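A short worksheet on the structure shown next.
No value in this document is a laboratory result; all are computed from the given coordinates. All figures in this text were calculated on a predicted structure; none of them were measured in a lab. Here the Cβ is made from the backbone with ideal geometry for all residues, glycine too, and neighbour counts use every protein chain on show.
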Amino acid sequence: MSSIRQRNKDLILRAASEEFADKGFAAAKTSDIAAKAGVPKPNVYYYFKSKENLYREVLESIIEPLLQASAPFNQDGQPGQILRDYIHAKIRISRDLACASKVFASEIMHGAPHLAAEQTAQLNSQAQHNIACIQSWIDQGLMAKVDPKHLLFSIWAATQTYADFDWQISTVTGKASLDDADYQAAADTIIRLVLKGCEVAE
């Protein structure tokens with residue numbers, strides 16, 4: 001793919017993430033997406049064919065990072081380090097892909113009507129694997145007897161808050177946007193709560 005073509009696609013995808021995050025799928029307009037991307041409106045249809053296809057591509061842009069965040073669970077290691085790495089990865093997604101994360105969260109809250117069955121299966125398979133890992137650590141006495149599913153849900157909620165509820169966070173902190181130190185503090189706090197609360201062996 002030519003560099004100009006890829007650049008235009010990236011600009012449109014980024015603009016679409018922002019528009020879909022702000023307005024939702026139904027209210028977002030391709031004309032606004034094109035204007036924000038700085039390209040003619042026909043370019044949106046040239047590269048993505050339809051608004052729905054563009055929306056699906058925004059969803060796809062977050063699926064792979066979400067799956068990659070679970071990479072620590074797919075290799076051998078100590079529970080404490082695996083959970084640390086996972087939480088850091090989830091925080092990075094909230095920092096670097098905040099708009100796509102909001103779009104994904106909204107899609108899930110609406111029953112995931114645009115999420116492909118294959119993507120749903122991938123995400124669920126990875127979640128089940130992560131849950132099984134946590135249960136194995138519990139069975140080995142490496143951490144407290146917590147419910148693995150609800151631990152995973154809690155980590156999701158705690159990390160995704162920094163993307164999905166940025167307005168509330170900005171209001172409370174009095175900062176227009178968080179900096180790297182804030183995200184590091186967030187990760188450190190969540191890690192401490194998880195490891196200490198679950199009595200994870202280190």
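How high is the relative contact order of segment 28-120? Use alpha-carbon pairs under 8 Å, at least six apart in sequence, and give a whole percent.
Result for segment 28-120 is 24 percent.
Step through the residues of segment 92-98 one at a time and calculate ³J(HN,Hα) from phi using the Karplus curve (6.51 cos²θ - 1.76 cosθ + 1.60, θ = phi - 60°), rounding each to whole Hz and writing x for Gly and Pro.
Here the 3J(HN,Hα) series is 4, 5, 5, 7, 8, 10, 4 Hz.
Can you compute the helix-only [θ] at 222 nm over the chain? Use -39500 (n - 2.57) per DSSP H run of at least 4 residues, normalise by all residues, nearest 500 deg cm²/dmol. Mind showing how you got there, number by number?
Working: 10 runs with 156 residues, N = 202.
That comes out to -25500 deg cm²/dmol.
For segment 1-49, what does the relative contact order come out to in percent, with C-alpha contacts under 8 Å and a separation of six or more? Walk me through the intermediate numbers first.
Working: 30 pairs, mean separation 18.3, N = 49.
This gives 37 percent for segment 1-49.
Which of these, E52, E60, E18, has the largest mean-square fluctuation under a Gaussian network model of the chain (Cα springs below 10 Å)?
Fluctuation is largest for E52.
Run the dipole for the chain about the Cα centre, Lys and Arg Cβ at +1, Asp and Glu Cβ at -1, nothing else charged, and hand back the magnitude in debye, nearest 20.
On the way: 21 positive and 24 negative charges, 126 e Å.
Dipole of the chain, to the nearest 20 debye: 600 debye.
Any of K36/K175; K102/K196; K9/K41; K9/K29; K51/K90; K49/K102 with alpha carbons more than 19 Å apart? Name them for me.
Long pairs (Cα-Cα over 19 Å): K36/K175; K102/K196; K51/K90; K49/K102.
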